[in-house]
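Have a look at the structure below, then the notes.
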Amino acid sequence: MKFYRFGKEDGKQIAQFNSDFVMARVIQTDRKANIGCMYLAPNGIVGFHQAVVPQLFLVLNGEGYVRGDKEEYITVQTGDAVFWGRDEWHETKTDTGLTAIVIESEALDPSAYMSLKR
């Protein structure tokens, strides 16, 4: 399990074409990828399971906890990204609710685009 950031402060100011915005790069892949949006209600949980393929979990809003194969929960919040490799055991839960984008692909390498958080 590796932790990354994709918050505004981690992005780059874009001014081309008379633009004015910040872009935080997340991932690029030339292989098939599944992308979904996960909504966990208060007290929601994604039960302890193995990742079938590498997964990148991007917290859009809210706060929760993730763990790997140990029962040590680590807090995640808006702007945090968690990467699990294939076959890695993990769980996600929240007390207050959480919305996240989940990207699954054999070709994920977030270290090429994002900096490590911890």
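Every number in this text was worked out from the coordinates using simple rules, so none of it is lab data. Since this is a predicted model, take the numbers as computed values, not measurements. Glycine also receives a Cβ, built like all others from the backbone with ideal geometry; neighbour counts cover every protein chain displayed.
Numbers for the structure displayed
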quantity	calculated
When residues of segment 1-12 are limited to those that are assigned to a strand (DSSP E or B) and either polar (S, T, N, Q) or out of contact with any Gly (no Cβ under 9 Å at 6 or more places or on another chain) (or both), the one nearest to Lys70 (Cα to Cα)	Phe3
Close pairs from segment 1-12: first free of Cβ contacts under 8 Å to residues at least 24 places away in the same chain, partner among the aliphatic types (A, V, I, L, M) and part of a strand (DSSP E or B), Cβ under 6 Å, at least 6 apart	Gly11/Val22; Gly11/Met23; Lys12/Met23
Residue check, Gly97 over 14 Å from the mean Cα position of the chain (by Cα), at positive phi and not polar (S, T, N, Q)	yes
Tally of residues being part of a strand (DSSP E or B), of a type outside the set (Gly, Ala, Ser) and under 22 Å from Asn34 (Cα atoms) across segment 77-88	4
Criterion violated by Glu106 - all others in (1) within 15 Å of the chain's Cα centre (by Cα); (2) touching a residue at least 60 places away in the same chain (Cβ under 8 Å) satisfied	(1)
Residue count, segment 25-48 (criterion: farther than 16 Å from Thr99 by Cβ and surrounded by 10 or more Cβ atoms within 10 Å (Cβ to Cβ))	8
Qualifying residue in segment 13-25 (condition: outside any loop (DSSP other than H, G, I, E, B), over 11 Å from the mean Cα position of the chain (by Cα) and touching a residue at least 60 places away in the same chain (Cβ under 8 Å))	no
Test result for Phe83, among the aromatic types (Phe, Trp, Tyr), touching a residue at least 40 places away in the same chain (Cβ under 8 Å) and crowded, with 16+ Cβ neighbours inside 10 Å	yes
Residue within segment 63-73 that is surrounded by 15 or more Cβ atoms within 10 Å (Cβ to Cβ), charged (D, E, K, R) and closer than 22 Å to Gly11 by Cβ present	yes
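Residue-by-condition table, conditions (1) out of contact with any strand residue (DSSP E or B) (no Cβ under 9 Å at 6 or more places or on another chain); (2) farther than 17 Å from Pro110 by Cα; (3) touching a residue at least 60 places away in the same chain (Cβ under 8 Å); (4) not in a strand (DSSP E or B):
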position: Ile35; (1), (2), (3), (4): no, no, yes, no
position: Met38; (1), (2), (3), (4): no, yes, yes, no
position: Phe48; (1), (2), (3), (4): no, yes, no, no
position: Leu56; (1), (2), (3), (4): no, no, no, no
position: Gly62; (1), (2), (3), (4): no, yes, no, no
position: Tyr65; (1), (2), (3), (4): no, yes, no, no
position: Glu72; (1), (2), (3), (4): yes, yes, no, yes
